[in-house]
Amino acid sequence: MQKQTDIAVSPEPPTERYSTSRRLGVVAVIATFGGLLFGYDTGVINGALAPLREQLGLTTFTEGLVTSILLVGAAIGASIGGQLSDRYGRRHNILMLAAVFAVGTFGCVLSPHWGVLAAFRFILGMAVGGASATVPVYLAEIAPVERRGSLVTRNELAIVSGQFAAFVINAIIYSIWGTKVLVNGVEVYQHPDIWRWMLIIAVLPAFALFFGMLRMPESPRWLFEHGREADALAVLRQVRDPERAQAEIDELRELVQEERESKIVRWSALSVGWMRRLVFVGIGIAMVQQLTGINSVMYYGTELLEKAGFTANVAIVANTVNGIVSVGGCIFGMSIMNRVNRRTMLMAGFIGTTTAHILIGLSAKLVPDSSAAKPVLIMIFVVLFVFIMQATAGPLAWLMLSEMFPLRFRGFAYGLSAFMGWMTNFVVTLSFPSLIAGVGIANTYFIFAALGVVALVFIATQVPETRGKSLEQIEADMISGHRR
């Protein structure tokens, strides 16, 4: 049994100097441009589908493919990105991803055919997945224990802010250039290229991420793991008081030695019982987050509101409410993240989202289609679902995955979990339009509610508590068999 690590978490954490706290804040802001890109690139398709469908001649199948292929790329990007970040460093990986974001964006904007667009959406997806597997780990490894929750969840705030920005920019561009004219008796967009303007905006945060990360430090824990103890200590002294920086280095030294003795390396680690269980839990957390159906709303929210009864013009504007509520929910979650146990908050979140699913389903099933109240009720409960989700399970899943895994194994295990999460997202996104068309809004959300009950059982029986512990203490607890 491994002994407990040396650093105890006191009720009142050490006060950080202004300079170190400010430096930590700058690091978090720059790194979370990766989350902003993640959000914008996944959300922009929401309002771009209608003009895309017209100009590139999308069918129902090719529309679903163009939308969902980004998620396949994200799954592969998360898996590869996690391993690359273990090998070459978190900062190095983020710099590379910024370049891939820019290439993917330009490729999408210049696409002459839906096949070319799909190919570059796949490339863009690899960057999105790589960012999802790298940025939270980078933030978790550079943050002090008492601020880890709020700093890592800034990435989720950046994601939902990126989605909100996409919704708003889509609505503005659509309101200015989205007029239709009659050509040979057929209504067509007067400016059919408006979707290209929606997409090109993403290149700006890609440049900001690349040039910003050039001035950011590498993860101190990655540096230490790769034999660069002096560099690791120098980085920690940028974001900690000197005494605390030295204490963390001492703790790392002991744990890294024990990891090396236990030969924890990528796939071979799955032969170790506690590691296999931990990866199973990580995969489960990533999957149940996606099975809430949150991204069906973020990707198809406009179409969902149209099917609920709103007109197209009203739906695209009303969809921005989902973006506003996402940001508000995430800010609320961040405000309580460091004061509430992770498992408790996750359980409460899934109880809330499951209840919202049931209310959406009942509104769709019991309120007559002729009633003007029906689309309004459905929208209210969709907004309630989005708020609860983004205040709890949305940021908590990424945060807990960044905390749970051992240092030598972290990028690989996080990437594997994120891969399964993205593949689940792909299945939900690909099947959502067919479900809505085949069984209706009510039954679709009753299915989500049933999956929510399964998620609650999984969380209650399998998920460990990670709040208030250093990354090294969490690992020590996992090795010694303390699951809660």
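Worth a mention:
- Qualifying residue in the range 176-196 (condition: touching a helix residue (DSSP H, G or I) at 6+ places or on another chain (Cβ under 8 Å), under 25 Å from I294 (Cβ atoms), modelled with pLDDT of 80 or more and surrounded by fewer than 20 Cβ atoms within 10 Å (Cβ to Cβ)): no
- Positions within the range 108-119 being crowded, with 24+ Cβ neighbours inside 10 Å and either of a type in the set (A, V, I, L, M) or at pLDDT 95 or above (or both), in sequence order: L117
- Just one of (1) assigned to a helix (DSSP H, G or I); (2) touching a residue at least 60 places away in the same chain (Cβ under 8 Å) fails for L236. It is (2).
- Selection from the range 197-210 of residues that are of a type in the set (G, A, S) and buried (at least 17 other Cβ atoms within 10 Å of the Cβ): A202, A206
- Restricting the range 74-99 to residues that are closer than 14 Å to E225 by Cβ, buried (at least 24 other Cβ atoms within 10 Å of the Cβ) and not small (G, A, S), the residue that is modelled with the highest pLDDT: R90
Condition check ((1) among the β-branched types (V, I, T); (2) crowded, with 24+ Cβ neighbours inside 10 Å; (3) under 12 Å from the mean Cα position of the chain (by Cα)) across all residues:
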position: I378; (1), (2), (3): yes, yes, no
position: L396; (1), (2), (3): no, yes, yes
position: L401; (1), (2), (3): no, yes, yes
position: R410; (1), (2), (3): no, yes, no
position: T424; (1), (2), (3): yes, no, no
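- Considering the conditions (1) within 18 Å of R410 (Cα to Cα); (2) assigned to a helix (DSSP H, G or I); (3) acidic (D, E); (4) modelled with pLDDT of 85 or more, E261 is excluded by exactly one of them, (4).
- Any hit, the range 306-313, residues being in a helix (DSSP H, G or I), β-branched (V, I, T) and over 14 Å from Q163 (Cα atoms): no
- Only listed residue being within 30 Å of A232 (Cβ to Cβ), at pLDDT 85 or above, among the polar types (S, T, N, Q) and in a helix (DSSP H, G or I), chosen from T134, T105: T134
- Check on A364, touching a residue at least 40 places away in the same chain (Cβ under 8 Å) and closer than 30 Å to E254 by Cβ: no
- Condition met for A165 (among the small types (G, A, S), farther than 16 Å from F33 by Cα, in contact (Cβ under 8 Å) with a residue 24 or more places away in the chain and surrounded by fewer than 24 Cβ atoms within 10 Å (Cβ to Cβ)): no
- Residue list for the range 314-356, filter: surrounded by fewer than 21 Cβ atoms within 10 Å (Cβ to Cβ) and outside any helix (DSSP H, G or I): N338, R339, V340, N341
- Annotation: of all residues in the range 264-283 being assigned to a helix (DSSP H, G or I) and buried (at least 19 other Cβ atoms within 10 Å of the Cβ), the one that is modelled with the highest pLDDT is I283.
- Verdict on V128 being under 28 Å from V317 (Cβ atoms), in contact with a Cys (Cβ under 6 Å, 6 or more places away or on another chain) and buried (at least 23 other Cβ atoms within 10 Å of the Cβ): no
- Test: L37 is in a loop (DSSP other than H, G, I, E, B), buried (at least 18 other Cβ atoms within 10 Å of the Cβ) and modelled with pLDDT of 75 or more: no
- Residues that are at pLDDT below 80, among the hydrophobic types (A, V, I, L, M, F, W, C) and part of a helix (DSSP H, G or I), drawn from the range 399-436: M404, L407, F409, F412, L430
The values are calculated or read from the model by the stated rules, or taken from the named source; none is laboratory data. If you're wondering where the values come from, they're calculated on a predicted model, not measured in any experiment. Neighbour counts run over all protein chains shown; Cβ positions are idealised from the backbone, glycine included.
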